[in-house]
Structures are given as C-alpha cells and as structure tokens.
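Undergrad: Okay, here's the structure, questions in a sec.
The values are calculated or read from the model by the stated rules, or taken from the named source; none is laboratory data. Computed from a predicted structure; not experimentally measured. With ideal geometry, Cβ positions are generated from the backbone for all residues, glycine too; neighbour counts draw on all protein chains shown. Calculation scope for accessible area: heavy atoms of the full protein, side chains included, ligands and nucleic acids excluded. Shrake-Rupley method; radii C 1.70, N 1.55, O 1.52, S 1.80 Å.
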Amino acid sequence: MAAKTEKPGGSSNSVHLRAVTKKFDEFVAVDDLSLEIPGGNFFTLLGPSGCGKTTTLRMIAGFEQPTTGEVLIEGSNVAGLPAHQRPTNTVFQSYALFPHLTVLENVEFGLKRSGVKKDESRSRATEELERVGLASESSKKPAQLSGGQQQRVALARALVNRPKVLLLDEPLGALDLKLRKGLQIELKRIQQEVGITFVYVTHDQEEALTMSDQIAVMNVGRVEQVADPETVYDRPATSFVAGFIGVSNLMPAQVVKAGDGGEVKLEAGPAVVGSVEGLAPGDSCHAIVRPEKLLINDRASGIGDGLPSVDGVVESSLYLGTATQILVRLPGEVPMTVLVPNVNERERDALPEAGAEVKLAWDPENMHVVRDTTIVK
Ligand code: ATP
C-alpha cells in the first residue's frame, strides 16, 4: 500500500503518533497515545518494564499495527506499510549480526541486497564503520569482537541505509556499566553528526537524562510527561514521573489553595505554602523537595524557623564522601532522604544520628507540587 501524504498544514514532525491504541486481545498495551517527535531529535521513550515502550517503537517500525489511531512518518500515514518499506531502521538489544560474514560484509549486506553497486556499497559501509570507530576491525567476524563493538557494527549497519528515523530498543541493555557509559556518549555524538531522528527505548532514567533532547515518560501504556531532561528532572508533571526519575521525597498532601501563592496540607504535618499549578483545592497531590534542598536540624535548634517544615525521626546516616545521606521517616511512614554536603568536619560531626527527632525545612521555592498518579490501573 502506498503511503498517504498528510494534508497541507499537517505535522512537519519526523514521527507523529495520533491517538494510538494497541490491544493484545483485551489487554491494552498502549492506551490512546499521542506524540510528536521533531526531526533530528534524540527522543527517548522511558518507563518501567511493561509500560508499552517497545510496543510503541514496534508500531513506528511496522512490526505491529495499531488497533486504532495513526502513525505518520515525515508527514505520511504509514498504515499498512510493512517494516521494510518504511523509512526506518531498528537497532535491537541483541545485535543480530550474521556470524559467517565479516564486519564489513555485515554492514554492506542491506545495500547489496537493495541493488547498490559494489564500489558504492563498500565506500558507504567503510564510511559508517569509520563513524563508529571500527574501520580497523572490518575484516573480523562478529565473534572476534566485544559486545560493545558488535553493537557498534549493528549501528553502522542501520545507519548505512540512511533511514529517516532510527529506532533503538534498549541497544545498550546487554552491555556492562562501563561500556554502556562510553557508548552512551558515542551514540549521542553519532546522532548529532548524522542528524537523523533517533527514537530510543530505555528503562534507565540516567541513560535517558544523559542522551535525550526530549523524554516521554510512560506508565501503563500512557505518556505522563514529554519534556527535555532538565524539566523532567526539576519539574516532573506527576508523582509517577518524580518517583521514576530519582529520589524525590514525595510527601502525600492535599491541595488547600491553588496558584502561585498556593498551599497544601501535608498528611505527615502542617499546611505549607508553595506554587500549586494545574491542581484544584481538594485534589490529592505530592509535595516534592529534592534531597539536596532540605535543611535538617534537631527540633530545638531554631534553624529553619519561618520556613515550611515537617517533623520526623532519623533512621540512618551514611557517609558518602562528598556528602552525608540521612534517611528520615515522617509520620505515616513517609521516607525522606536528605543530602548534606560535607563542607567541614565540625558540621559533619554535628549532624543528627539514628533515632534523633528532627525537623526538615525548605525554602518554599524549592517545593514542587505534582498530581498524584501513584494509583494506576
Ligand atoms: P520492557 O522494558 O520489559 O521491554 P516495555 O515497556 O517495552 O517493557 P512492551 O514490550 O511494550 O513493554 O509490553 C507492554 C505490555 O504488552 C506488556 O504487559 C506485555 O506483556 C504486553 N505485550 C507485548 N507484546 C505482546 C504480544 N505480542 N502479545 C500479548 N501481550 C503483549
């Protein structure tokens, strides 16, 4: 089936998902998902296992068809188009290289099959191997390479076809941590060099924060937030995003007053002031304060007076070198983490120990209030 061109005035995005739902029998794996992925973007689908990331990627690739909704690539509706007719290529976690072919032959394979002349396919394959730093290994067989090198061959093999969109499904998932870190940086460099849209699937929030221009955080088949890494980290839209992205100190609360000079009533303590956007009085929410933004004092000290605060009991204290991490439990078993930089030894010695009754205080501008999405279907 030929691709239908999107009507004038439509999206100029590289990939556009419109209200896409994917059901496997009655199970909804992807639920009314809409996404616009700009051209040249390093775009990451991030979320826990089973949230629908791979299914979403497979619908862009053409390995799955949406139950309802539309997928557009470069403005064309690709409904019904099989994977090999789409302007996409996919890099999987398993490298899937041909073991009997050399590195160079592996990269050339697709070009040769599509009728590209030998000289051209060789020079294009060599160019891609240079890009991924493997030109000197071109006559080796895959088994003679490390996992990281094999994945770079798989990347060169995908890039050599010059796809409009490169889809990557946990491509670093099989590698050890050190290799992962190195390849993260390399992948980002390569993406910037070739300027192709990358749609990248991972459940690793650090990886997503390091590499992406934009991140879509997914939960049970839905997108909870799409934003750049800084925004996802500093201004999570929901409690799910906050919890998934890192240690977030989520204090259950209820909105008392919405708006800039808003107020929420903490379940574990008093009403505290802060900016409350996108919520209405009575809504369940979470108040978030990052560990490094919390002040911790014994209750009698008076430090932090006048600031919003909550009482708790120290559970443990851990020396981390540049900082000390203190775990505090609030009433209602709400766990909080405080990170105190180790500026000098005297201050460190004065920090409260396990069992101490403490007060956690914060500047109102360091508190962020998010919609409660901890209850999922
Ligand atoms: P992971 O990180 O574990 O790969 P994911 O976010 O990529 O997770 P998907 O692979 O998209 O998740 O799966 C989403 C849900 O759909 C899961 O519950 C999965 O079991 C289900 N699912 C995926 N493919 C099929 C299928 N072919 N048949 C039935 N259920 C499926």
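Undergrad: Just to be sure before I move on: is Ser146 of a type in the set (Ser, Thr, Tyr), open to solvent by 10 Å² or more (accessible area, probe 1.4 Å) and assigned by TED's automatic domain parsing to the domain that holds Leu175 in the structure I sent? Step through it out loud before you land on a result.
TA: Working: of a type in the set (Ser, Thr, Tyr): yes; open to solvent by 10 Å² or more (accessible area, probe 1.4 Å): yes; assigned by TED's automatic domain parsing to the domain that holds Leu175: yes.
Yes; evaluated as a whole, the condition is true for this residue.
Undergrad: So Gln65 fits all but one of (1) of a type outside the set (Ser, Thr, Tyr); (2) in contact (Cβ under 8 Å) with a residue 24 or more places away in the chain; (3) open to solvent by 50 Å² or more (accessible area, probe 1.4 Å); what number is the exception?
TA: (2)
Undergrad: Against the condition open to solvent by 40 Å² or more (accessible area, probe 1.4 Å), more than 16 Å from the ligand (Cβ to nearest atom) and farther than 30 Å from Lys181 by Cα, how does Ser114 come out, does it pass?
TA: The answer is yes for Ser114.
Undergrad: Here's something else I'd like to know. Show the residue pairs meeting these rules: Cβ distance below 7 Å; 6+ apart or different chains; first residue within segment 280-292 and touching a residue at least 12 places away in the same chain (Cβ under 8 Å) and closer than 15 Å to Arg235 by Cα; second residue of a type in the set (D, E, K, R) and open to solvent by 20 Å² or more (accessible area, probe 1.4 Å).
TA: Taking only residues 6 or more apart or on different chains, the pairs are Cys285/Arg371; Cys285/Asp372; His286/Asp372.
Undergrad: Residues in segment 133-181 that are closer than 18 Å to Phe109 by Cα, of a type outside the set (S, T, N, Q) and free of Cβ contacts under 8 Å to residues at least 60 places away in the same chain: how many?
TA: Summing the residues that are closer than 18 Å to Phe109 by Cα, of a type outside the set (S, T, N, Q) and free of Cβ contacts under 8 Å to residues at least 60 places away in the same chain in segment 133-181 gives 12.
Undergrad: Can you name every residue in segment 33-59 that is more than 15 Å from the ligand (Cβ to nearest atom) and among the charged types (D, E, K, R)? Before the answer, list the steps.
TA: Keep residues of segment 33-59 that are more than 15 Å from the ligand (Cβ to nearest atom), which gives 34, 36-43.
Residue satisfying the conditions is Glu36 alone.
Undergrad: Among the residues of segment 87-105, which ones are open to solvent by less than 50 Å² (accessible area, probe 1.4 Å) and either under 24 Å from the mean Cα position of the chain (by Cα) or touching a residue at least 40 places away in the same chain (Cβ under 8 Å) (or both)?
TA: The answer is Pro87, Thr88, Asn89, Thr90, Val91, Tyr95, Leu97, Leu101, Val103.
Undergrad: Okay, next question. Among the residues of segment 1-29, which ones are aliphatic (A, V, I, L, M), modelled with pLDDT of 95 or more and surrounded by 13 or more Cβ atoms within 10 Å (Cβ to Cβ)?
TA: Val15, Leu17, Val20, Val28, Ala29
Undergrad: Next question. All but one of (1) farther than 20 Å from Ser49 by Cα; (2) open to solvent by 10 Å² or more (accessible area, probe 1.4 Å) hold for Met251; state the number of the condition that does not hold.
TA: The single condition Met251 does not satisfy is (2).
Undergrad: Let me ask something else. Having 2 or more residues that are among the aliphatic types (A, V, I, L, M) is the bar; report the strands (runs of 3 or more DSSP E) wholly within segment 21-124 that clear it.
TA: Passing ranges, in order: 27-37, 42-46, 68-73.
Undergrad: Does segment 68-86 hold any residues that are surrounded by 18 or more Cβ atoms within 10 Å (Cβ to Cβ) and within 16 Å of the ligand (Cβ to nearest atom), and which are they?
TA: Across segment 68-86, the qualifying residue is only Val71.
Undergrad: Residues in segment 125-133: is at least one under 27 Å from Asn13 (Cβ atoms) and away from the ligand (no atom under 16 Å from the Cβ)? Lay out the reasoning, then the answer.
TA: Step one: list which residues in segment 125-133 are under 27 Å from Asn13 (Cβ atoms), which gives 128, 131.
Okay, now just the ones that are also away from the ligand (no atom under 16 Å from the Cβ), so 128, 131.
Yes: one or more hits.
Undergrad: Identify all residues within segment 36-49 that are farther than 24 Å from Gly246 by Cα and of a type in the set (A, V, I, L, M, F, W, C); write none if there are none.
TA: Within segment 36-49, just Ile37 meets the criteria.
Undergrad: Next question, about the same structure. Looking only at segment 297-334, how many residues end up being open to solvent by 50 Å² or more (accessible area, probe 1.4 Å) and in contact with a Gly (Cβ under 9 Å, 6 or more places away or on another chain)?
TA: 5
Undergrad: Tell me the residue from Val226, Val217 that is open to solvent by 10 Å² or more (accessible area, probe 1.4 Å), outside any loop (DSSP other than H, G, I, E, B) and in the same structural domain as Val91 (by TED's automatic domain parsing), please. Walk me through it before giving the result.
TA: Values: Val217 fails: open to solvent by 10 Å² or more (accessible area, probe 1.4 Å).
None of the other options fit; the residue is Val226.
Undergrad: If a residue has to be open to solvent by 60 Å² or more (accessible area, probe 1.4 Å) and over 13 Å from the mean Cα position of the chain (by Cα) to count, how many in segment 182-213 make the cut?
TA: Selection size over segment 182-213: 4.
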